[in-house]
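Asker: Structure in structure tokens, see below.
Just so it is clear, none of the values below were taken in a lab; they were calculated from the coordinates. Values in this document were obtained by computation on a predicted structure and should not be read as measured data. Backbone-built Cβ (ideal geometry, glycine too); neighbour counts: all protein chains shown.
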Amino acid sequence: MILTDIQILESIENGEIVIEPFKRTSLGTNSYDVHLGKYLATYTVEVLDARKHNPIEEIVIPEEGFVLQPGTLYLGVTDEYTETHNSVPFLEGKSSVGRLGIDIHATAGKGDVGFCNTWTLEISCVHPVRVYAGMPIGQLIYFKIDGDIKNYYNKKENAKYIQRTTKPVESMMWKNKF
């Protein structure tokens, strides 16, 4: 079951969902719009290695915007910090963003119950496009869970993306054992 606007507001009021900053105008019928933060990042190495830490270079989006180029993976971040304690958040792109040829996540559109952070975006585009800090970039859709939870994300010993940040976070795949 997808939460409606009324259910999202009720979950915010009782602390089951946290959105900071919260703007009532960003609440849709059954989703909440999130906005692009002021930081982007790109990897500094040409060949990424899943077993190694791949460093990133930070980009601050200037007032006049930043032009994304095809063929480059950009890591972005939502302006909003979120917590989700009673539902599974899904991050989807907005149709207006998709119509500009921008994808906001390659594979990581689902959050976990207990995820407490900003969202790192895996941004790519098919055509050069100028983006701006603060622009609507995606929407969170909340799916109600059924049953008890034993392993909340924010309480897992091996949770890799738990440190609160306002900047994009690079892949931590290298911390896995394989």
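Asker: Could you tell me what fraction of 2.2 N^0.38 Å the Cα radius of gyration of the stretch 51-90 comes to, as a two-decimal ratio?
Answerer: 1.68
Asker: What FRET efficiency would be calculated for the residue pair Thr44, Tyr152, taking the C-beta separation as r and a Förster radius of 22 Å, to the nearest 0.05?
Answerer: My answer for the efficiency is 0.05.
Asker: For the stretch 1-46, report the translational diffusion coefficient in µm²/s to the nearest whole number, using Stokes-Einstein at 37 °C, 0.692 mPa s, and a Kirkwood Rh over Cα pairs.
Answerer: 260
Asker: Quick one: net charge around Lys23, please, counting Lys, Arg +1 and Asp, Glu -1 for every other residue with C-beta under 14 Å from its C-beta.
Answerer: -4
Asker: Do you know the relative contact order of the chain, to the nearest whole percent, from alpha carbon pairs under 8 angstrom that are 6+ apart?
Answerer: Once normalised by length, the contact order is 30 percent.
Asker: If r is the Cβ-Cβ distance from Thr72 to Met172 and R0 is 25 Å, what FRET efficiency results, to the nearest 0.05?
Answerer: FRET efficiency, Thr72 to Met172: 0.75.
Asker: Quick one, which of [x] 0.97; [y] 1.04; [z] 0.99 is the actual Rg/Rh (Cα atoms, Kirkwood Rh) calculated for this model?
Answerer: [x]
Asker: Which links in Lys38/Lys150; Lys150/Lys175; Lys110/Lys177 stretch past 27 Å when you go from one Cα to the other?
Answerer: Lys38/Lys150
Asker: With a 10 Å radius around each residue's Cβ, average the other Cβ atoms per peptide and rank 76-85, 108-117, highest first.
Answerer: Output ranking for 76-85, 108-117: 76-85, 108-117.
Asker: Looking at the stretch 18-74, which chymotrypsin sites (Phe, Trp or Tyr not before Pro) are in a loop (DSSP not H, G, I, E or B) and have at most 15 other Cβ atoms within 10 Å?
Answerer: Qualifying residues, ordered by number: Phe22.
Asker: OK, next. Note down the relative contact order for the stretch 1-57 as a percent, whole number, built from C-alpha pairs under 8 angstrom at least six residues apart.
Answerer: 27
Asker: In nm, give the distance between the simple-model label positions of Thr165 and Glu58, each being 7 Å from the Cα along the Cα-to-Cβ direction.
Answerer: Placing both labels 7 Å beyond Cα along the Cβ direction yields 1.1 nm.
Asker: Follow-up question, since we're still on this one. Assuming 0.36 nm per residue, please report the length gained on full extension of the stretch Met135 to Glu10 beyond their Cα-Cα distance.
Answerer: 42.4 nm
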